[in-house]
Structure formats: C-alpha cells, structure tokens
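Before any comments, here is the structure.
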Amino acid sequence: MRSLDGGATTVGLLFAAPACGAVLASLTSGWAGQARAPGLALLVASVSGFVALACLGLARHPALAVAILFVYGFVQSIEEILRYGLIQSHTPDSHLGRVNALWSAQETGGGAIGSLGAGALGRYLAPGAAIVLYGTVSAVLALALALTLTGLRSATLRPEPEPG
C-alpha cells in the first residue's frame, strides 16, 4: 500500500469504512441466533477478516481499500457477535462475570497487541508488505486453529443440558 494518493477525504473514508461495515453486520445479524453452526461461522469470519487485511496491503486504489476495510469491519462484527453469543450460552452462570471480564480484556488488549505486531513489521518492511505479511500469517494461524478446534466448529448457541 505505497500510497493511495488521497487527501483528507480518503483518510476519513478509510477510518469510517470498518465502522460502517460493523454497523451493517449488526443491523443484519438476526440470522446469528438461528445459525446451525455458529462456531464454524465464527471461525470462517475470523479467517476472512485476516484475509481481508492481507488484501488491504495489496490495494492500490482508495475505493478498493475502503471496500476491503468495509468487509473487514463487517466480518469482524459478525465474529464478535458469534463469539459473544457462544460465550454466553456455554458459560455457567456462576462463572459468567469472570469470563465476561476476560473476554473484555482480550477484546481490548488483542487489538493493541496486534497493532504492536503490525507496527513492528512496518519498521522492517514497506507498509503494504507489512500488512500483507501480518494478514497472511494471522489468516494461516486462524485457519490452523479452525482445523484443530473441532469442538468450536460443532458448537451451537443452544448447548446440550447437563444431566442432573
């Protein structure tokens, strides 16, 4: 992403695009409660988000970068909705406060740690190459997790009741 040759308007659109995607995902997320395989959808959204970041590093036109960031915001919001729903439905009431606190800490710290890693790559690589490498490595790691986390792939929002 050498330069998108844009001014203040381009910067504003780039900053707004993920939020706009997230809003659209939230407004259309009614399907999530009835999803047959929300765990699998969560994993697909996670991998898709990192693939979108890798594609962002290849974007050479502002409109393409805005569209990619819109998609990124959309899939990240879907991923968060599904993750939170799965956490809420699979955590016993007695542990829900602690698990929600950990989820909140991860949500806050995860982005900061990812930004730190991306920034470190940017010190040694051109910005576009750093974004491509960061997105690709993250997508491969997320895909590896998706392939190994069989329990999450088959998770539903309505867990089986425990006997007794």
Per DSSP H run of n ≥ 4, the term is -39500 (n - 2.57); total these for the chain, divide by its residue number, and report the mean residue ellipticity at 222 nm rounded to 500 deg cm²/dmol. -26000 deg cm²/dmol
Accessible heavy-atom area order of 134, 124, highest first, probe of 1.4 Å: 124, 134
Quickly work out the residue 28-to-residue 101 label distance, labels modelled 7 Å from Cα along the C-beta direction, and quote it in nm with one decimal. 3.8
What does the accessible area per residue of the range 1-137 come to in Å², with a 1.4 Å probe and no ligands, DNA or RNA counted? 56
Using the C-alpha gyration tensor of the range 75-151, what are the square roots of 5 times its eigenvalues, in whole angstrom, with the largest one first? 30, 16, 10
Average projection area in nm² (convex hull over Cα atoms of the range 1-78, one quarter of hull surface): 5.0
Relative contact order of the range 41-164, pairs being alpha-carbon contacts under 8 Å that are 6 or more residues apart, as %: 44
As an exercise, identify the trypsin sites (Lys or Arg not before Pro) in the range 3-92 lying in DSSP coil whose Cβ has no more than 11 other Cβ atoms within 10 Å. 36
Using a 1.4 Å probe over the heavy atoms of the protein chains, calculate the carbon and sulfur portion of the accessible area of the chain as a whole percent. 70
One finds the C-alpha centres of the range 107-137 and the range 10-53 to be spaced, in Å, by 20
Relative contact order as a percentage, the range 37-108, C-alpha pairs under 8 Å and 6+ apart, gives 37
Computed over the chain, the Cα gyration tensor eigenvalues, each multiplied by 5 and square-rooted, give semi-axes in Å (largest first) of 32, 17, 14
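The values are calculated or read from the model by the stated rules, or taken from the named source; none is laboratory data. Predicted model only: the values in this text are computed from it and were never measured. For neighbour counting, all protein chains shown are included, and Cβ atoms are generated from backbone atoms with ideal geometry for every residue, glycine included. In case anyone asks, the SASA skips ligands and DNA or RNA and just uses the protein heavy atoms, side chains included. Shrake-Rupley method; radii C 1.70, N 1.55, O 1.52, S 1.80 Å.
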